[in-house]
Structure formats: C-alpha cells, structure tokens
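The structure appears right after this line, and notes come after that.
The values are calculated or read from the model by the stated rules, or taken from the named source; none is laboratory data. These numbers come from a predicted model, not from an experiment. Cβ coordinates were reconstructed from backbone atoms using ideal geometry, including for glycine residues, and neighbour counts include every protein chain displayed.
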Amino acid sequence: MKKCVLAAFTLALLVTACGKEEKANKPDTVPDQPGNEETQQPETPPDNVDPVPEELTAVDLGLSVSWGSINLGGVAWGETAPKQDYSWTGYRWGNPPSKYNMADGKTILDPEDDKASVQEGGLWHMPTLEDWKELASTSNTEWVWGKKNDVNGYTITSKKNGNSIFLPATDGPLNGLYWSSTLLEPTYAASLQFDNSSPEAGTPNLRYIGLEVRPVYGPVFRIVTQPATLSSEAQTLEVEIVSNLGYEISSLPDWMKESGDSEAGLNRHIHRFAVSANEAEESRNGIIVFCNENNNCVPFSVTQNTFVPELTVTPESLSFSCLEGSSYLDVNSNGDWKVTCSEPWCEIMPASGSGNAQLSVGVAANDGKEVRQAQVQITLADGSITRTVTVTQDAYDATAAGVDWNKSFYHRSLVMRFTATWCGYCPLMATALHAAMEKAPGKLVPLNLHGNGSDLVFNKVSILMNQYAIEGYPSGIVDGRRDVPNYNDYNVTASKIVSFMEETEAYYPVASAIGVESALEGRQLDADVLLFLRYPDDYKVTVILTESGIIGNQTDYMAGVTHTDYQHDDVARVAMSSVLGDDITTTEEQTGIKRHYSVTVPTQYNLDNLQLVVYVQRAFGSQTVIASGDYGGYYVDNAVAVPVGETRMPDYAD
C-alpha cells in the first residue's frame, strides 16, 4: 500500500489462518448409554471374519425372521457398498442428511438403501432394531462367548428349537458392532453392540460410520405413509408400501377409487387413490387393507373431515400514503367468494374467485386535506362468512407526496477520499475510485476531502479525520464504517470499494430516501432537503457543497511528476450542515422531513460546476456493527449528489 503520512508510524499486517482437517475413518466415541461407555468404532469397515460357512444360508431360530449364517461386510448406514472415506464429507446422504430425516419421516431403510436387500435380493434384508432385540432377549436365545475357527464371538443358540448361528467380533478381538435398519434420530442409527460379557441392542452410532451387516431372511410388508386425515375436498391420496412379496389391495372405502400406482424404488410402490368430496355433515372414516401372498394383511386408516366453510383474509387493514398506490390481500378459502369496496377510489382485482387467491387493492391519489377510509368486504357465495378489511389513506402532504413507501429505495454508498495536492500517492486512489464507479455505475457518491497544506483544503476536514481516525493520505472511508487501503494495483482498491458497498447493501437494508431542490440567485444558494425515513430511529443528515472541474497542481509519485493541469472533481467546499450531521430522531414509521439550508457561494467557486452531496447516517442500534474501527454509533445509510439548480426526487430499486 502507498500512503503519505503526517507523522512517522509503523504499519504491521499479520494474517493468520488456522484450521483443522478431520481425517476419514477416525474412531468416534459413541454417546454414553447404559452399559455402553466410551465404545470406539473401527477405523475401517470390517470384512467378513467368519469363514465358515462360506455361503449365506437362512437359519431358523424360531423367531420372527430367520438369521443369516454369515456377515455381508461393513458399510455406512443407508449405503450398500464399501468405500475408503467413512466421514460426513464422504457420506452419501450428507450432513444434515437429505434422506431419513424430520422432513420425510422415514425411520426404516428403504430396500434400495438396505445392503442385504440390494446384495442378496429375495426376502433378505437388514434386521430392524426389534429384530436385534428379539435375538438378544434371554427368553429367546442363549449367548455363549467363545471361538470358532480361531475367531472370537458369540454362538447364539435358540431356546425355541436349538438351532444356532455364530456372530463374530468385528471391532478388535472382544467387541462386535452391527447395523440395524432402524433410525434413532436424523444423525444416529441403531446398532447391536457386544463385548465378551453381554450384547446391547439399540446402541446409537453416527450414520457415516462403517459397521458390519448380518442379514435376516423373511417377508417385509409395511406401510410407510402415516394414517391420513384429509380435508373435505376431492383429492388424490398417496400411500407408500414396502414389500418383498406380492400383495394386493383387499378392500377400500366406497368413497375412494384406485387411480394407479408407480414404482418408487426397490420393493417400494406408491399407490394412488381418488378421494371424492365429503359433502355430509359429519366426518367419515375408512380403512384400506393391503394383503400379501402369505395372507398377512396391514390396514391403512383414513379420516376425511366434513365440509366446514372457511374464509380468512390477511392483513386485517391496509394503510396508504396520499399517493396513488396498491397493495395485496391474501384470501384463504375452501369456497367461492366475491369482493366489494365501499368507496369509488378503492379498486379490487379480481372481484370474485374461488379458493385461495391474492387480491390487488389499488387506491387513487388523495388530494384532500382529510384522511379517508374504505371498507373492503370479502364474502362467501352462500353468505355464511364475511371478512372486512379497513383501508386508510393519508391526507395530501407535500413532503409525503414525494415518495412511494410501497417501493424499495435505491441505495448509493458514500466514498470519502482524504487527499491533498501535495500527496504523491493520492492520484493512485483517485484512479481507483474512478474504476470503482465504472464497476458499479450509479452506486457510488464520491466526496474528496483535501487536508491541511493542500491548495484545495476543506476547512472542516480535521473534524472528519478525527471522527474516522485518519492518520495519513490518501485514505478512504466507505459508508462511514469501512477503511479503504491504497494498494499499488488500483484495481484491487477499486474492488475493495465495491465490495464494501455490497456489504452495506447485504447487512444494512436501506432505510432512507433523499430528495433535493435547490436554486441560485446571484451567489445565494438555497436548498430544500427532503428526507424520507422508513423506520423510527436516530439519524443524521449532512449537506456539503462540492465543486468539480478544478484545474490545478497535483504531485504524482507514480507518474514521477507534479501536474499543473490536474483536474480535481467532487471537491468538498462548504459544509452547509454540521459536518458530522444534523441530528434527526423519528418515532413513527414512514416519516417525511424537510430541512432548509442556505449559503453564500464564495466568488472563487465556479457556479456552473457545483453540486450538493447529501448523505443520511443511521444509528447502528441493535444491528450488527461491521466496521474497520470505532467510528461512532452511526453508518451512512444513503447518499446522493445533485447538481446545484436541479431537482432530484427519491428513486427506487425496482
């Protein structure tokens, strides 16, 4: 950076970046559970460690499902193939998970996300948490720790029929970890965990971790969709079924008809039913029954509410300035409706409709001296419900007539450049400011403030330098809160200026609009500043007379010369207000304020090249303070530059 300083000082810039990279497959600690303290997960998913038997067979233990004789290998929960990266970064469903979450309500793996279903097909699938609990129950099985083919694990023998399976350790020689297909919460799924003393079904494990899969064999037949409560209107009901056997719809209510089905995934189907409107005075209940080829049936309950006329309208009132304007009403209804307005200056579109809709409410300009009101009535076609919205329009006001509060104000950022004709690095920042204005046309208002010793010194510059802790030239301040360094590459400086303008717009929605009317009579300048303040708050307004097209001296280190014909633009000449801003406090929304300023223009100023720079500061208040230093409790909310003698009314973003 290049800067001329008023006193010797040292500038040090230290940028330190700190970060930590989490390695894949790092052991995680399972949250404390009764009988499960500080259990670590394997760094990589285990391979099958039970070499005998080599082929998968279904073993009948006299339980709800038959259990597979061997493991299928390790995967993350909801994935079907092994991989290298077992971390949230490499997890198929991301974090937060995009499937099996609060939004979709799924708590059991779909078949296409079930390793056993995908790998083995048929009736094979991963065990649910209930399957593991059934296997671990001492009333159903006996678990004996030992070795098989030199591998530690449990021989699990059925107390129902004496058949057994061997469940090998997977996490070191003494521990085993196996997935279930059951979700516990969005980031944790249930697993079976054991050591050489006992098994524990239901241990939570992070979904991305690789655990072993032991398959089970048996029919799956479940309804994924929750029991439905329907409104009275005719509609389509969708029901999701998971089944690895053939099935059919056994029965359904007479007020419903099948309207088709589609495959949603492996062993998953979506069934659609056309539901007729309920015109009865009471709700009705029905059951859809699905039965599989084993004659196992599952019911799905449906309730359809009776028709109740509904009509809500928001908001309950609308307010307008004296200007012609429009706003909206939201209608929510389950019937036909019509709309009327009590006054001819109020127009509603559309005037009738059905169901939900948005109404446009337009008002003509109010030229009268009194506030006026109209009543908008929305009524159901059968006359059972009427909602009334009060529309209020302000009386004519010259200040308020200058702005449309229903529109967003256009925003411009103020760029102060502290400079001097003797400062050799200052032309570099001037070039950067011009480049920034080209990058963001119409978005920046420049204000060049010459310091002591300059041929163009501004007599209030020391006040502003103290306010913004300026220690040398050139220095820049954007919107009274961001310091602009002077980089060797002026394009870098220009980009900084534009980024600070964008930061203002992102974090501080514009709250003010500015109008300016001015006239010169001889060298007497009179100006009316119209301020339109959207929110009640503390503000300041500053008015500075500037001059452009001044030809004079300028030292330029980058060019290696002292220019004698350098053009100085946007140079601060006279503060018509307090240079730190005149205080304004508003207690109501949408306040219009007029301030009058006058000054006798010194004879050395060119009357043809004068303009007024007006900017509004707003208190940070409860907003986050984003600033390069402690510059006080205000930032520049908006700014304009208007040639003297011209009238500029507020402009809008849209």
Tally the residues that are modelled with pLDDT under 95 and part of a strand (DSSP E or B), restricting the search to the range 601-622. 0
Residues in the range 626-638: is at least one in contact (Cβ under 8 Å) with a residue 60 or more places away in the chain and among the polar types (S, T, N, Q)? yes
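How many residues does the range 491-526 hold that are part of a strand (DSSP E or B), in contact (Cβ under 8 Å) with a residue 12 or more places away in the chain and surrounded by fewer than 22 Cβ atoms within 10 Å (Cβ to Cβ)?
Step one: list which residues in the range 491-526 are part of a strand (DSSP E or B), which gives 512-521, 524-526.
Those left that are additionally in contact (Cβ under 8 Å) with a residue 12 or more places away in the chain: 512-520, 524-526.
Next, only the ones that are surrounded by fewer than 22 Cβ atoms within 10 Å (Cβ to Cβ) stay: 517, 519-520, 524, 526.
Going through the range 491-526 one residue at a time, the tally reaches 5.
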Filter the range 294-327 down to the residues that are modelled with pLDDT under 90 and in a strand (DSSP E or B), then identify the one that is surrounded by the fewest Cβ atoms within 10 Å (Cβ to Cβ). Ser326
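Taking Val339 as the residue in question, decide whether it is buried (at least 18 other Cβ atoms within 10 Å of the Cβ), closer than 30 Å to Glu279 by Cβ and either over 35 Å from the mean Cα position of the chain (by Cα) or outside the structural domain of Arg482 (by TED's automatic domain parsing) (or both). Outline the logic, then answer.
Working: buried (at least 18 other Cβ atoms within 10 Å of the Cβ): yes; closer than 30 Å to Glu279 by Cβ: yes; either over 35 Å from the mean Cα position of the chain (by Cα) or outside the structural domain of Arg482 (by TED's automatic domain parsing) (or both): yes.
Yes, satisfied.
Can you name every residue in the range 96-122 that is of a type in the set (A, V, I, L, M, F, W, C) and modelled with pLDDT of 95 or more? Before the answer, list the steps.
Step one: filter the range 96-122 for residues of a type in the set (A, V, I, L, M, F, W, C), giving 102-103, 108-109, 116, 118.
Of everything in the range 96-122, those that are of a type in the set (A, V, I, L, M, F, W, C) and modelled with pLDDT of 95 or more turn out to be Ile108, Leu109, Ala116, Val118.
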Being at pLDDT 95 or above and assigned by TED's automatic domain parsing to the domain that holds Ser319 is the requirement here; does Val457 meet it? no
Is the range 388-396 home to any residue that is crowded, with 18+ Cβ neighbours inside 10 Å, modelled with pLDDT of 95 or more and on the phi < 0 side of the Ramachandran plot? yes
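Filter the range 564-584 down to the residues that are part of a strand (DSSP E or B) and free of Cβ contacts under 8 Å to residues at least 40 places away in the same chain, then identify the one that is nearest to Val613 (Cα to Cα). Give the derivation first.
Looking only at the range 564-584, we keep the residues that are part of a strand (DSSP E or B), and these are 564-568, 571-575, 582-584.
Next cut, free of Cβ contacts under 8 Å to residues at least 40 places away in the same chain only: 564-565, 567, 574.
Numbers: Thr564: 27, Asp565: 25, Gln567: 19, Val574: 10 Å.
Ranking the candidates gives Val574 first.
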From Val289, Val224, Val298, which residue is over 28 Å from Gly335 (Cβ atoms) and within 36 Å of the chain's Cα centre (by Cα)? Val224
Suppose the filter is over 26 Å from Glu588 (Cα atoms) and surrounded by fewer than 23 Cβ atoms within 10 Å (Cβ to Cβ); does Leu380 pass it? yes
Please list, ordered by residue number, the strands (runs of 3 or more DSSP E) wholly in the range 359-445 having 1 or more residues that are touching a residue at least 24 places away in the same chain (Cβ under 8 Å) and more than 23 Å from Val478 (Cβ to Cβ). 372-380, 386-393
Any residue at all in the range 555-565 that's touching a Pro at 6+ places or on another chain (Cβ under 6 Å), under 26 Å from Ala440 (Cβ atoms) and at pLDDT 95 or above? yes
Which of (1) at pLDDT below 95; (2) over 24 Å from Thr591 (Cβ atoms) does Val371 not meet, given it meets every other one? (2)
I need every pair where a residue in the range 585-614 that is not assigned by TED's automatic domain parsing to the domain that holds Ser319 and surrounded by fewer than 14 Cβ atoms within 10 Å (Cβ to Cβ) has its Cβ under 9 Å from the Cβ of a residue that is of a type in the set (Ser, Thr, Tyr) and modelled with pLDDT under 90, sequence separation at least 6 or different chains. Lys594/Thr399
Among the residues of the range 455-486, what is the count of those that are under 38 Å from the mean Cα position of the chain (by Cα), under 27 Å from Thr624 (Cβ atoms) and part of a loop (DSSP other than H, G, I, E, B)? 7
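Quick one: is Ala381 at pLDDT below 95 and farther than 30 Å from Gly442 by Cβ?
Working: at pLDDT below 95: yes; farther than 30 Å from Gly442 by Cβ: yes.
Against the criterion (at pLDDT below 95 and farther than 30 Å from Gly442 by Cβ), Ala381 qualifies.
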Quick check on the range 405-420. Is at least one of its residues of a type in the set (D, E, K, R), surrounded by 14 or more Cβ atoms within 10 Å (Cβ to Cβ), in contact with a strand residue (DSSP E or B) (Cβ under 7 Å, 6 or more places away or on another chain) and at pLDDT 95 or above? yes
Considering only residues of the range 149-174 that are more than 50 Å from the chain's Cα centre (by Cα) and β-branched (Val, Ile, Thr), which is farthest from Trp67 (Cα to Cα)? Val151
List the pairs whose first member sits in the range 94-119 and is at positive phi, whose second member is assigned to a loop (DSSP other than H, G, I, E, B) and among the aliphatic types (A, V, I, L, M), and whose Cβ atoms are under 9 Å apart, counting only residues at least 6 apart or on separate chains? Tyr100/Leu109; Gly105/Val224
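Please determine, by comparing only the residues of the range 88-127 that are hydroxyl-bearing (Ser, Thr, Tyr), within 36 Å of the chain's Cα centre (by Cα) and surrounded by 15 or more Cβ atoms within 10 Å (Cβ to Cβ), which one is nearest to Gly62 (Cα to Cα). Break it down stepwise before answering.
Kept after step one, since they are hydroxyl-bearing (Ser, Thr, Tyr), are these residues of the range 88-127: 89, 91, 98, 100, 107, 117.
Retained after the next criterion (residues that are within 36 Å of the chain's Cα centre (by Cα)): 89, 91, 98, 100, 107.
Narrowing further to those that are surrounded by 15 or more Cβ atoms within 10 Å (Cβ to Cβ): 91, 100, 107.
Values: Tyr91: 37, Tyr100: 31, Thr107: 26 Å.
The selected residue is Thr107.
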